[in-house]
Amino acid sequence: MPSPNRLSALLELSRALSSSLELEEVLEQMLQRVARLAGATGTAVSRWDREREVLVTLVHHTHGSRSLATFDGEEFELDRFPLSAQVLEKQLPAQVRLSNPRDDARERRLLESLGFRSLLMLPLVARGETIGLMEIADVNDRAFTPQDVEFCQAVCDVVATAMHNAMLYEQARDMARRDQLTGLPNRRAFDEMLDEHVARAARSGQPVGLLVIDLDGLKKINDGGGHTAGDAALCAAADALRASVRAGDLPCRLGGDEFAVVLAGADAAGALVVAERAQQALADASGGVYSFSGGVAVEVIGSASELYRLADDAAYRAKQAGGGRTLAV
Amino acid sequence: MAPQNRLQALFDLSRTLSSSLELTEVVGRFTDQAAGLTGATAADLSSHDPERDVLVQLTEYLKHEDRVSIPQDRLYPLADFPATRLVLDEQRPLQIRVSRPEDDPAERQLLEERGLQSLLMLPLVARGASIGLMEIVDVDDRVFDDHDVEFCQTLCDVVAAAVHNAQLYQQVKELALRDQVTALYNRHCFEEQLEAAVARSRRSGETLALLVIDLDGLKRINDLGGHQAGDEALRAAADALRGSCRLGDVPCRLGGDEFAVILPGATAEAATMVAERAQQRLREIGRGQFSFSGGVALSGDQLVTPYELYRTADIAAYRAKTAGGARTLVSAG
């Protein structure tokens, strides 16, 4: 059993971590505590990406400097680090010491390059499944005692549960913001993003372009081939948009036959180029069967709903003019 | 309870509760351990709904059966329980004993009715807000001393965080089930609900009706007023449906101009009545501009699968549309 001090530290950690469901906040809370709790000089937490067989560093903390790398952390291929892979798969902790020539050579080299002499690796296990790795490192050559290891395992339990909850929450939130058919952000996400972009445009003076798109003849496609044909056409339109936007543009499905792309920093000409590319991609993908009517509006200062109304009007005029084209306001 | 054990108990509870994000599981796990943790007879949980100014009871200890139940839709208006409101507002614990005439009479009466003698009320506070109430109840007349209260407050911290996380999770999961324009259940959810309703009806032998609805002239509304006018019409239809359903009916938006209502236990007449009521409401909300074409099908020997039921109702709605719309037809099958 842990000592009363360690127990109250664990309880405090558990309470602190359960006070948020945002992964970044959970990691931040954890970071402030774990190295100190373990009496070590460095900590790192990684997520195990099973499909790609890599460890993605989420956060690490060394010598008082720290960095949160929640989204684009460094990746380590597990086939190059068999000891880490073993910790994850067997759910058992492992130690590496620079001074011990029998320990894994790659791990020792990595440790040395980071300025550490000892490392304790522990699996992060939530509801029976390994979700990641906790690394506790020390600049001194030390052996972690069985009591240290036991305590760190208890810490990992708490951290893994909180991380797992944050990941579930993130998944559920993502589901709520995605169109189930095409996988594009849905209207709820679109409304939020457009609001943000219009507000940012008003501050920065950079224009924000909006392309609104209506798939032509969806009703006819549905009537002819049933909902499966309609669904296929919608997915083709989504793919055409994805393939045609610039990095940073946000294609969304608003519902029914309607799509939109938020184009930060684009003027009307730039937005029209994206629209033409998408029109071409959709024609190519469908052997010339599918097309859309598009409308483009650009705004620097104004409201999101006004911008949407203008682009929607232009798309309507494109449809009235026979479809298969994009008009700017 | 010794301090060391209390610490261990709190830590164990914190781990147990945080290992689920499902509210019923979180509440259930706490309830299982509450008596052992507090040394009292039981501990009940309620959540606070500030908008409706009520407490929604999540668990209740039943003395006569010596068990904890999860009541459905049990609401306590805070206006009737000033002492409870004080606990929530000031985020301070409060004790009530039946034997103390100076304690709040409403609370004492409620305790007596339930065969209990003492009560310790504590606020569940998460991220600064009172999200609910923990009530430690005892069949004996007892005083909770300072150590008890302090321990229970820590207990509340642990429970509040877990309950709050479960509520947040439930909210975002719920969002994924809803159509964004009308906030009705979406197609994905409709399919799940219909399948469950058909299975239930087959087991119990109870009737099941399905109403499928097509808003009339949505294309024209969109063409004349843009998508915003179309959205308004869709929302009007959704409001009309919501306002016309019976308790237990499930209105959904399937996409485009199409809606459906699952009506467990309904006959063709009952389903038609819901449709007529909705038609009337939609006319009122839209000042005569909007109407729909509806089709009703009944689950039975001919219609066995959810898809058959849906197809049959959809065909009836299509016949209603070709007959000029603004009416509901019952499938002859």
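The values are calculated or read from the model by the stated rules, or taken from the named source; none is laboratory data. The structure displayed is predicted, hence computed values, not measured ones. With ideal geometry, Cβ positions are generated from the backbone for all residues, glycine too; neighbour counts draw on all protein chains shown.
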#### Entry: Filter pass, B:Phe292 being crowded, with 16+ Cβ neighbours inside 10 Å, within 14 Å of another protein chain (Cβ to nearest Cβ), under 30 Å from the mean Cα position of the chain (by Cα) and within 28 Å of A:Leu181 (Cα to Cα)
no
### Message
I'd like the residue in the range B:1-41 that is of a type in the set (Val, Ile, Thr) and within 14 Å of chain A (Cβ to nearest Cβ) and, out of all such residues, is surrounded by the most Cβ atoms within 10 Å (Cβ to Cβ).
### Response
B:Val26
### Query
With A:Ala304, A:Ala260, A:Ala283, A:Ala278 as the choices, which residue is modelled with pLDDT under 95 and either out of contact with any Ser or Thr (no Cβ under 7 Å at 6 or more places or on another chain) or not basic (Lys, Arg) (or both)?
A:Ala304
### Task
Identify, from the list B:Ala199, B:Ala166, the residue that is at pLDDT 90 or above and more than 26 Å from A:Glu192 (Cα to Cα).
B:Ala199
### Message
Name the single residue that is farthest from the other protein chains (Cβ to nearest Cβ) among those in the range A:151-183 being polar (S, T, N, Q) and assigned to a loop (DSSP other than H, G, I, E, B).
### Response
A:Thr182
### Query
Which one is farthest from A:Ala236 (Cα to Cα), of the residues in the range A:285-317 that are among the hydroxyl-bearing types (Ser, Thr, Tyr) and part of a loop (DSSP other than H, G, I, E, B)?
A:Ser303
### Query
So which of B:Ala332, B:Ala317, B:Ala297 ends up being outside any strand (DSSP E or B) and within 32 Å of the chain's Cα centre (by Cα)?
B:Ala317
## Note on the structure
Filtering the range A:185-217 for residues that are crowded, with 16+ Cβ neighbours inside 10 Å and either without any contact (Cβ under 8 Å) to a residue 12 or more places away in the chain or in a strand (DSSP E or B) (or both) leaves a count of 9
### Unmet criterion (only one of (1) modelled with pLDDT under 95; (2) surrounded by 13 or more Cβ atoms within 10 Å (Cβ to Cβ); (3) over 20 Å from A:Thr145 (Cα atoms); (4) in contact with a helix residue (DSSP H, G or I) (Cβ under 8 Å, 6 or more places away or on another chain)) for A:Leu37
(3)
### Selection count, the range B:106-117, where residues are of a type in the set (S, T, N, Q), surrounded by 15 or more Cβ atoms within 10 Å (Cβ to Cβ) and over 16 Å from B:Ala40 (Cα atoms)
0
### Task
Name the single residue, out of those in the range A:184-230 being of a type in the set (S, T, N, Q) and within 11 Å of another protein chain (Cβ to nearest Cβ), that is nearest to A:Arg325 (Cα to Cα).
A:Asn222
### From A:Arg246, A:Arg277, A:Arg242, A:Arg253, residue being charged (D, E, K, R) and crowded, with 24+ Cβ neighbours inside 10 Å
A:Arg253
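Each row is one residue, and each column tells you yes or no for (1) surrounded by fewer than 20 Cβ atoms within 10 Å (Cβ to Cβ); (2) more than 25 Å from the chain's Cα centre (by Cα); (3) closer than 30 Å to A:Ala16 by Cβ; (4) without any contact (Cβ under 8 Å) to a residue 40 or more places away in the chain.
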| residue | (1), (2), (3), (4) |
| --- | --- |
| B:Pro71 | yes, no, no, yes |
| B:Pro77 | yes, no, no, yes |
| B:Asp80 | yes, no, no, yes |
| B:Gln91 | yes, yes, yes, yes |
| B:Asp104 | yes, yes, no, yes |
| B:Leu119 | no, yes, no, yes |
| B:Asp145 | yes, yes, yes, yes |
### Task
Kindly list the number of the only condition in (1) free of Cβ contacts under 8 Å to residues at least 12 places away in the same chain; (2) in contact with a His (Cβ under 7 Å, 6 or more places away or on another chain) that fails for A:Glu258.
(1)
### Message
Being hydroxyl-bearing (Ser, Thr, Tyr) and either touching a residue at least 40 places away in the same chain (Cβ under 8 Å) or crowded, with 21+ Cβ neighbours inside 10 Å (or both) is the requirement here; does A:Thr182 meet it?
### Response
yes
### Task
For the range B:222-241, state whether one or more residues are at pLDDT below 95, in a loop (DSSP other than H, G, I, E, B) and within 14 Å of another protein chain (Cβ to nearest Cβ).
no
### Message
Could you tell me how many of the residues in the range B:81-105 are among the acidic types (Asp, Glu) and either not assigned by TED's automatic domain parsing to the domain that holds B:Leu122 or not in a helix (DSSP H, G or I) (or both)?
### Response
3
#### Entry: Candidate set from the range A:231-274 (those that are within 14 Å of chain B (Cβ to nearest Cβ) and under 30 Å from A:Ser204 (Cα atoms)); member that is farthest from the chain's Cα centre (by Cα)
A:Glu258
### Message
I'm told B:Val137 meets every condition in (1) modelled with pLDDT under 95; (2) over 27 Å from B:Ser20 (Cα atoms) except one. Can you identify the failing condition by its number?
### Response
(2)
